[in-house]
1. Six or more apart or on different chains, Cβ atoms under 9 Å: show the pairs whose first residue is in region 87-113 and farther than 30 Å from residue 76 by Cβ and whose second is at pLDDT below 80.
2. For region 32-113, please list each of the helices (runs of 4 or more DSSP H) lying entirely inside it that holds at least 1 residues being modelled with pLDDT of 70 or more.
């Protein structure tokens, strides 16, 4: 079984940390598990663009996954899910909102003229 097949069998963030031998504090993972895993995916996609995943063997791929998981975990040890804004809902929360359209009623409508 290849490393990618092994990773596909994992179902929790803790299983990824254990499988890749990345130390973690359970409290940090409990609070930011989805954010950490999403950030790891973003880092892996960045590596894919750079071509690092194309010809990587299982050991090189394991090292790359371990490094990206550690990097993603460290992001949330030093910061918070809200501050990191990994998910779209958090990103949109800080975007400026357009001014709501103000209804216009012409004076002739009010006066009946």
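1. Listed pairs, sorted by first residue: 107/113.
2. On the way: elements: 58-78, 81-84, 88-93, 107-111.
Result: 58-78, 88-93, 107-111.
The values are calculated or read from the model by the stated rules, or taken from the named source; none is laboratory data. For clarity, every value in this text was computed on a predicted model and none was experimentally measured. Quick reminder, even Gly has a Cβ in these numbers, built from the backbone with ideal geometry, and neighbours come from all protein chains shown.
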